[in-house]
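Take a look at the structure set out below.
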């Protein structure tokens, strides 16, 4: 590398440290396994205040008393919690050194999805020696713009140092460590994640994306995100990307907490393509995410939009607790499974506030020998006067070997509240296929066209670029479905 | 635990009326039809649980009308197995709960052969501190062609303290399937009420008329006049008690 | 070598034989009409030429530009220049008319090694033809055929034909369900496309369409084969006398 470029690189990477995008290249790590000493070590290494260490320890002690849950429909192998590194596993040793060393299937995928070269390295876990010059400078400028508006967007670790009061006030307020087994574990050992604070009356001019936090993609298994939208604010947050996500760590237990205050709105969009691992599906990722938003303010609004494909077994039920009067919760989802994949997704809408309303539109597409399940829960508590919910779940089956499950649970404890639910199951009609083919469109292309049309209702809620990527992802994931 | 096995022979038609809970297994043979009416007359303190399993052969037809409204605790499970091709079933259910009753209705339809059709229409009303639970499953096995399955459940809540829960479930493993279900829990349509009021009908009358219509939408499908009379009497008694 | 020729074709669905020793030859620039009583196989003929998988061919062949098209999938036959205007066009929810047009046009261009049409050119092309067919702009944004009336669907079929510029356009009962004004518009759409290199196969019951689109040849189809061929006068006499003489033949 030419001398001046090297210097430029050094300069930039040092600047990134200054702005808090610390690329964790630590070579030492905590010993394997979990116990109070390791937790203290983690907290110490991160220079955390006492209250946070306390939070972690309380969670850990509670976790020890809990039993791991198992669901009926899907199985996953036993996890030995003592065989996991809870702090900075030496990634460099395990990850491939060059793009050419990668699984050729993965490279093919990058090609099809049009992922730019430098992004491929990042996504594949190849530690960047040739730094991503462009994106580093872009993120630097973009962070400056946000800072001018008072918007805080940084890692949780940095937020703990710089904005401890904010973090202390809201961490665990939406998902307490007592909530469930994995959230509890996460509360004890969470590594890092995003922290977002939008001040009163501010509309974020840019979509906040996890990609901008360069090392977000390499964040460990226990990611913790906290988003706070103060009165009258707005933010659109993007998570994930269409390129296949792979990680040596098979178990992911993340927690996302969102707090929405009076008249504020948060849009949280996820597009995720889980790497199927090898041909036998080994290496697939198990993902237990507790995502929950609390709409505490009057007229507060939270929308979850997600497009998920891939073989990961994902338990993810983004939920809304609609506490504020006139609060609104939305859930739009497309789950696509092909070959031998499994998806189990859904949502919970808990209505507490008067006049609160929620809308659920879930589309699932199963092809090949896959299985897709939607699990929903809508509950109207006794105080939810005049609350309303509408849910629509549609399943599209392609081929005769796949299956779909819809399990919506509705419970109403207030007679002025209304719950309405519809679900349909159908297939792509031969007439539709032939019509497209007669116009010159191949069978595979016809299926993507029709499937994208089927998902339109959901896709229109995604921010533009994400929607384009998601469409492409769906087409690529359906390859071979017409023959299947 | 099984109390009774009934076989409806090839090509015959049978009408069966049950006024007490019985655990039945019923086999409906080829080309046979069974019309089954369940109207349980029980004491208010009783706690009962019963289950009916119905197996249908080729071109068989099973139609049932269920009225669950008595007893302190009343659980009824109906499992219909469409075992052979061209079999069809229609399940109509009504549950009416008040005071501190706990009523649960569970309907399971298993489509195990091609060209099978199922339809479920359920209406429920809960008042006072009643707790009701409806679970409806349409299950389609793999490699089955031409299946049609529909399920509609509507529940009304008359009091702020009632608790209504429902889980309309779909488990589909075949492609050539047209399945849909719909479920609503809530109150009467205020547009309909308002419409009636603008035509001079007082609010409370409008509510009664609409609630009655809500249930009779199902009852009106009963062909047998005597049975219809019995069902109607029981429903009207409950409505009079609970709607004014 | 004949440009388009169906020879000794036997075809049907899994339950029955519909086309029975069917023969037909079409040269470039010709307008052929096929008429016949209901259930005689006219629509089936159109679908078999287009490659509808519901039908299977037991013997015979169809040559188009020296290639036997029977082994080819529908999209290839389309890209070679065959267009089928459907009798009952199906709807595709969530896919707008415009989006569908873009996909079809670019798919056929790709097959013929052409670059995809850029958005502004496409838009322009579509708008001009849509206007000529009386199709309002907002209809182009609606999902294809969802909630469209019979007449609207036929106009959209005609729009697709105008944009895809086929060499052989098979129109299956394009005139059914249309009022006079809609019929005139569709007929005009066809006439505007008539040229020495393009042929039309009009499948129709009534000779209404034929008074606006003059056929060079009229064939009468009964029980899966052509029993009489003539010119436009044959159609006129059918209108007067019906099909009886041909049914007993």
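The values are calculated or read from the model by the stated rules, or taken from the named source; none is laboratory data. Keep in mind that what you see is a predicted model, and the values were worked out from it rather than measured. All Cβ positions, glycine included, derive from the backbone under ideal geometry; neighbour counts span all protein chains shown.
Using the structure shown, decide if residue A:379 is surrounded by 18 or more Cβ atoms within 10 Å (Cβ to Cβ), in contact with a strand residue (DSSP E or B) (Cβ under 7 Å, 6 or more places away or on another chain), more than 8 Å from every other protein chain (Cβ to nearest Cβ) and not in a loop (DSSP other than H, G, I, E, B).
Working: surrounded by 18 or more Cβ atoms within 10 Å (Cβ to Cβ): yes; in contact with a strand residue (DSSP E or B) (Cβ under 7 Å, 6 or more places away or on another chain): yes; more than 8 Å from every other protein chain (Cβ to nearest Cβ): yes; not in a loop (DSSP other than H, G, I, E, B): yes.
Here the answer is yes, as residue A:379 does meet what is asked.
Taking residue A:444, is it outside any strand (DSSP E or B) and either within 14 Å of chain C (Cβ to nearest Cβ) or in contact (Cβ under 8 Å) with a residue 60 or more places away in the chain (or both)? Before you say what the answer is, go through the steps one by one.
Numbers: outside any strand (DSSP E or B): yes; either within 14 Å of chain C (Cβ to nearest Cβ) or in contact (Cβ under 8 Å) with a residue 60 or more places away in the chain (or both): yes.
Judged against the criteria, residue A:444 is a match.
Tell me whether segment C:98-113 contains one or more residues that are closer than 15 Å to residue A:446 by Cα, in contact with a strand residue (DSSP E or B) (Cβ under 8 Å, 6 or more places away or on another chain), in contact (Cβ under 8 Å) with a residue 12 or more places away in the chain and within 9 Å of chain A (Cβ to nearest Cβ).
No: segment C:98-113 contains no residue that is closer than 15 Å to residue A:446 by Cα, in contact with a strand residue (DSSP E or B) (Cβ under 8 Å, 6 or more places away or on another chain), in contact (Cβ under 8 Å) with a residue 12 or more places away in the chain and within 9 Å of chain A (Cβ to nearest Cβ).
Go through the residues of segment B:167-177 one by one and say whether even a single one is closer than 22 Å to residue A:390 by Cβ and at pLDDT below 90.
No, segment B:167-177 has no match at all.
Would you call residue A:345 crowded, with 21+ Cβ neighbours inside 10 Å, touching a residue at least 60 places away in the same chain (Cβ under 8 Å) and either more than 10 Å from chain B (Cβ to nearest Cβ) or under 27 Å from the mean Cα position of the chain (by Cα) (or both)?
It is false that residue A:345 is crowded, with 21+ Cβ neighbours inside 10 Å, touching a residue at least 60 places away in the same chain (Cβ under 8 Å) and either more than 10 Å from chain B (Cβ to nearest Cβ) or under 27 Å from the mean Cα position of the chain (by Cα) (or both).
Looking at segment C:147-163, is at least one residue part of a helix (DSSP H, G or I) and at the interface with chain A (Cβ under 9 Å from one of its Cβ atoms)?
yes
Please verify whether residue A:428 is at the interface with another protein chain (Cβ under 7 Å from one of its Cβ atoms) and within 30 Å of residue C:97 (Cβ to Cβ), treating the condition exactly as stated.
Working: at the interface with another protein chain (Cβ under 7 Å from one of its Cβ atoms): no; within 30 Å of residue C:97 (Cβ to Cβ): yes.
When the stated conditions are applied, residue A:428 does not pass them.
Could you say which residue among B:172, B:240, B:185 is within 7 Å of chain A (Cβ to nearest Cβ), more than 17 Å from the chain's Cα centre (by Cα) and without any contact (Cβ under 8 Å) to a residue 60 or more places away in the chain?
Numbers: B:240 fails: within 7 Å of chain A (Cβ to nearest Cβ); B:185 fails: more than 17 Å from the chain's Cα centre (by Cα).
Result of the check over B:172, B:240, B:185: B:172.
Considering only helices (runs of 4 or more DSSP H) fully contained in segment C:30-133, which possess at least 3 residues that are surrounded by fewer than 17 Cβ atoms within 10 Å (Cβ to Cβ)?
C:97-111, C:119-132
Restricting to segment C:39-75, count the residues that are free of Cβ contacts under 8 Å to residues at least 40 places away in the same chain and either away from chain A (no Cβ under 14 Å) or under 20 Å from residue C:2 (Cβ atoms) (or both).
Residues meeting the conditions: 9.
Which condition number does residue A:422 fail, the rest of (1) within 9 Å of another protein chain (Cβ to nearest Cβ); (2) surrounded by fewer than 20 Cβ atoms within 10 Å (Cβ to Cβ); (3) not in a strand (DSSP E or B) being met?
In the conditions (1) within 9 Å of another protein chain (Cβ to nearest Cβ); (2) surrounded by fewer than 20 Cβ atoms within 10 Å (Cβ to Cβ); (3) not in a strand (DSSP E or B), residue A:422 misses (3) alone.
Residue by residue through segment C:189-230, note down the ones that are more than 17 Å from residue C:176 (Cβ to Cβ) and free of Cβ contacts under 8 Å to residues at least 24 places away in the same chain.
C:191, C:227, C:228, C:229, C:230
Please find, among C:140, C:178, the residue that is without any contact (Cβ under 8 Å) to a residue 60 or more places away in the chain and either in a loop (DSSP other than H, G, I, E, B) or surrounded by fewer than 18 Cβ atoms within 10 Å (Cβ to Cβ) (or both).
The conditions single out C:178.
Quick one: in segment C:196-209, of everything that is buried (at least 23 other Cβ atoms within 10 Å of the Cβ) and modelled with pLDDT under 90, which residue is nearest to residue C:85 (Cα to Cα)?
Residue satisfying both the conditions and the ranking: C:204.
With a cut-off of at least 1 residues that are surrounded by fewer than 16 Cβ atoms within 10 Å (Cβ to Cβ) and in contact (Cβ under 8 Å) with a residue 40 or more places away in the chain, name the strands (runs of 3 or more DSSP E) lying wholly within segment B:8-81.
So the answer is B:13-18.
Determine whether residue A:457 is more than 8 Å from chain C (Cβ to nearest Cβ) and within 25 Å of the chain's Cα centre (by Cα).
It is false that residue A:457 is more than 8 Å from chain C (Cβ to nearest Cβ) and within 25 Å of the chain's Cα centre (by Cα).
Being more than 8 Å from chain C (Cβ to nearest Cβ), assigned to a helix (DSSP H, G or I) and more than 17 Å from residue C:93 (Cβ to Cβ) is the requirement here; does residue A:470 meet it?
For residue A:470, the condition - more than 8 Å from chain C (Cβ to nearest Cβ), assigned to a helix (DSSP H, G or I) and more than 17 Å from residue C:93 (Cβ to Cβ) - is met.
Determine which member of the set B:156, B:203, B:112 is surrounded by fewer than 21 Cβ atoms within 10 Å (Cβ to Cβ) and touching a helix residue (DSSP H, G or I) at 6+ places or on another chain (Cβ under 9 Å).
B:203
Filter segment A:274-301 down to the residues that are modelled with pLDDT of 70 or more and part of a loop (DSSP other than H, G, I, E, B), then identify the one that is nearest to residue A:222 (Cα to Cα).
So in segment A:274-301, the residues modelled with pLDDT of 70 or more come out as A:286-301.
After this cut, where a residue has to be part of a loop (DSSP other than H, G, I, E, B) as well, the list is A:296-300.
Values: A:296: 26, A:297: 29, A:298: 32, A:299: 32, A:300: 28 Å.
The qualifying residue nearest to residue A:222 (Cα to Cα) is A:296.
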